[in-house]
Each structure stands twice: as structure tokens, then as C-alpha cells.
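I have placed the structure first, in the form of C-alpha cells, so that the comments after it can refer back to it.
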Amino acid sequence: MKTGRVKIKVSKSLETKILKGHPWVHYYQVQNGKVTGNPGDLGVVYDHKNRFLAVGLFDPHSDIRLRVLETKTPRDIDEAFFRERIEQAVALRSPLQAAGTTGYRLVSGENDRLPGLVIDRYGDTLVLKLYTEAWMPHLPVFLQALEQVAPAERVVLLLSRHVERTKTTGPAHGDVLTGLPLEGPVHFTENGLVFQADVVAGQKTGFYFDQRENRERVKGLAAGKDVLNVFSYTGGFSLYCFAGKCRSVTEVDLNPLALAMAKENVLMNFPDRARNENAFMQVQGDAFQVLSEFKRAGRQFDLVILDPPAFAAKKGHRANALQAYLRLAKAGAYCTRPGGLLLAASCSQPVPARDFFRSVSLGIRQTGRKERALFKSRHALDHPVTFREGEYLKAGCFEVD
Ligand code: SAH
């Protein structure tokens, strides 16, 4: 499909940022009046001397009006271009396959210079998620490039809520774009452990690949421990704890479907532990409530994992989110045995790592205990960060005295 072109002018300071790798032009940053066009038109940014600065995908329905694909030198946005970008993304992830991992993020949007497009690999299934309708007219060509570089049994399309709301034509959320129909959950491995995920009805694209390295770290700390896995989702951390020879895992999650899938994941890998009610327990409910009930009952664990959903979606939510992280760390610390470990993670992009860690420490100290950091971590290999807003994940593991 032939796409149109629109011309975009921006301020000098944004020019500099774009040249340094900033991938977005917001609607309020467009300086040449009201620019009209269709989703997927190529937006060409000219600098103050009217020279080519960048080319990207235009989306009139998104606050991010332009997502930058290439800077400095004009380029055709065609199959060869997409192939090159996907090849670079694949090369970056090559160490993962060797580690017995067939589930990981293959393309991470802006951070792999394919803005607004994420691809997660679940074994033979690729899940392609779009955050802008601008990709729709380019999909057929993009899929041809993908087929050559990263062939798969099928490619499943997911759409962000915003794209689902605004799009007028094209394939729908959950459609199989190429290959065989989807029959139930997909299977994949992570560091040798077998998982299944529901890629259409699940959260994110079905699994939180971004915690893989933290899960591996926790495995090394779990031996002989009673573990409390709060916000357990489909049991990612639980499986690693069993692999690390923990004594027991208690999962807490609000979502009964996630707990059911977690149970199946434990069953697939550690059937004896899954069937032993002293080794594997699940509590369905609100984490804050469950933690305060545990505190009242004096229930404590050797290792407490707190990996909640994002508490802040924008800067304005930052202060409340930090309060929530503090309360959560405090509640988690009350359930941590003396000398035990507390792992706290945050995936809130607007919350800076330093502020998050400070809130966690404060929360622990408000219980009258002291903490010592064992490790602090950021992004994994398949979630590279190439611009400031691309960073969201931070986790810290603390020994609580
Ligand atoms: N740690 C998980 C990912 C957590 S995602 C992993 O490694 O895969 C966040 C989870 O928190 C989701 O499963 C969601 O159902 C759950 N959740 C959201 N709000 C909650 C609440 N108030 N109490 C308990 N669980 C909650």
C-alpha cells in the first residue's frame, strides 16, 4: 500500500534531541501549523535550514504525532529497511537461545529503532503488538521482512487499547496474521524451565519477560527458604524458587486465571511440589489486604517477592506511586523473618529508580528494621534502553535484619 508524506518542522532544541536519539515528536511540538495526513504516512522532519533531519511514522490520532525511524540520511522505508532493523534486534538476543530460553522480547519498540512496535517470541509463536495505528499500512511489507529474518509458525497481532479505539480498518486484536491458527496457550522455555502463556487474554503479551534475570538471581537465593511471591501472575518467580530448591512457595494474586495458569506451570515442571499443599500454596486476593492479614496472624517468610503492576502511568502519579511502594515494602517487611530477604520491583516508567529505592528502604525502616541491599538491577538484554523514557524497570533485593 502506498503511503503519503507529511512535512514536519520542530524547534531547534528538539532537532538536537532527535539527532541524539530521541524518537518522538508530540503534537504540541509540531511547529508548522496543523499538519494533516493518514496513520502510517511518512513524516519527514526538516531542520531550521530546511535540510532533511529525520523520517518516521505519522499518526494523527496519537499524542505522539511522529515516531522516528531514521535520522540524518534519507532512506526508503521498505522491506530491506525493516529487515536490517529486525536483524539487529535478533543479533542482540542471540545469547538467550544458548541459555535454554525460547521466550523473550525480540523487538522492543523505540529501543530497537522500530518505534511503537513490540514483538515477543514464545517458542514458535511471535506476538506482535502495535502501539500506533501508523504501522497498519506497513504491516504486509514488515511481515515479509520478519518472515525472512525470524521465521515462526504463526504471528499473532495484539493492539494497544488506544489503537483498538481509534483504528478504522485492518486486522483486529488477537488475529493470526500469518501461519497456523492459535490453539490454546503457547509453550516456551526460560532458562530451561517450561512455561505456558495465554498470548491473547493474558497481561502484556502473555508473560513478563522483563523479569527473567531477576528470577534467575532469586533462584540462587532460594535454597531451603519459605517464599512469599506477591503479585505472582503466572508463577514466573515461583518456578525459579522451586528450581533453586526452596522449601515452599505461597503465591498471592488478585486474578484467579493467573493463579490457575501459575498452578499449571508449577505442575509442568515440579509436579510433586505442585501437589504437596505444604510446598505450594495460593491465596487469591488484594496484596495489601493479604499482607496485613499475614502480619496480624504472625505469618513470616524467608524470602518475600513484591512485583506489582505499574503504580504510575504519568508524572502526575509519581508521588502517590512512591507512597504505595513505601506501604507495600513496609507490609512486605512485616512478613519477612529476621535476616530474611525482600525483593521489590517497579515497572512504573515515571518513577525514577533512586526515588523508588528510597521509598522501599523507608518502608522497611518504618517497621523498625534495617536493610542491606544485596543487589539492584535494571533492564535485561532483550529490553535495551536507548532513550530516557525507554527506562522503566528497577528491582532491589534487601536483607532485612
Ligand atoms: N511477578 C510476575 C508479574 C506480575 S504482574 C511475573 O514474574 O510474571 C502483576 C500482577 O499483579 C498481575 O498478575 C495482577 O493480576 C496482579 N495484581 C494487580 N493488582 C493486584 C492487587 N491489588 N493484589 C494482588 N495482585 C494484584
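Here are some notes:
Here's the yes/no breakdown for (1) aromatic (F, W, Y); (2) within 15 Å of V30 (Cα to Cα):
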site: G43; (1), (2): no, yes
site: Y46; (1), (2): yes, yes
site: F52; (1), (2): yes, no
site: L57; (1), (2): no, yes
site: S62; (1), (2): no, yes
site: R67; (1), (2): no, yes
site: E70; (1), (2): no, no
site: R75; (1), (2): no, no
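- Qualifying residue in the stretch 306-320 (condition: within 15 Å of the ligand (Cβ to nearest atom), open to solvent by 50 Å² or more (accessible area, probe 1.4 Å) and touching a strand residue (DSSP E or B) at 6+ places or on another chain (Cβ under 9 Å)): yes
- Filtering the stretch 283-303 for residues that are in contact (Cβ under 8 Å) with a residue 40 or more places away in the chain, assigned by TED's automatic domain parsing to the domain that holds R369, more than 10 Å from the ligand (Cβ to nearest atom) and part of a loop (DSSP other than H, G, I, E, B) leaves a non-empty set.
- Checking D382 against (1) touching a residue at least 40 places away in the same chain (Cβ under 8 Å); (2) open to solvent by 20 Å² or more (accessible area, probe 1.4 Å); (3) charged (D, E, K, R); (4) in a loop (DSSP other than H, G, I, E, B), the condition it does not meet: (2)
- Any hit, the stretch 88-102, residues being in a strand (DSSP E or B) and open to solvent by less than 10 Å² (accessible area, probe 1.4 Å): no
- Only one entry in A223, A274, A260 is more than 14 Å from the ligand (Cβ to nearest atom), open to solvent by 20 Å² or more (accessible area, probe 1.4 Å) and out of contact with any Pro (no Cβ under 6 Å at 6 or more places or on another chain), namely A223.
- Qualifying residue in the stretch 248-257 (condition: more than 15 Å from the ligand (Cβ to nearest atom) and closer than 24 Å to K376 by Cα): no
- Within the set C335, C347, the sole residue that is within 13 Å of the ligand (Cβ to nearest atom) and closer than 22 Å to V227 by Cα turns out to be C347.
- Number of the exception - G116 against (1) free of Cβ contacts under 8 Å to residues at least 60 places away in the same chain; (2) open to solvent by 40 Å² or more (accessible area, probe 1.4 Å): (2)
The values are calculated or read from the model by the stated rules, or taken from the named source; none is laboratory data. Just so it is clear, the model here is predicted, and its values are computed rather than measured. With ideal geometry, Cβ positions are generated from the backbone for all residues, glycine too; neighbour counts draw on all protein chains shown. Quick note on the areas: whole protein, heavy atoms, side chains included, nothing else; ligands and nucleic acids left out. Shrake-Rupley method; radii C 1.70, N 1.55, O 1.52, S 1.80 Å.
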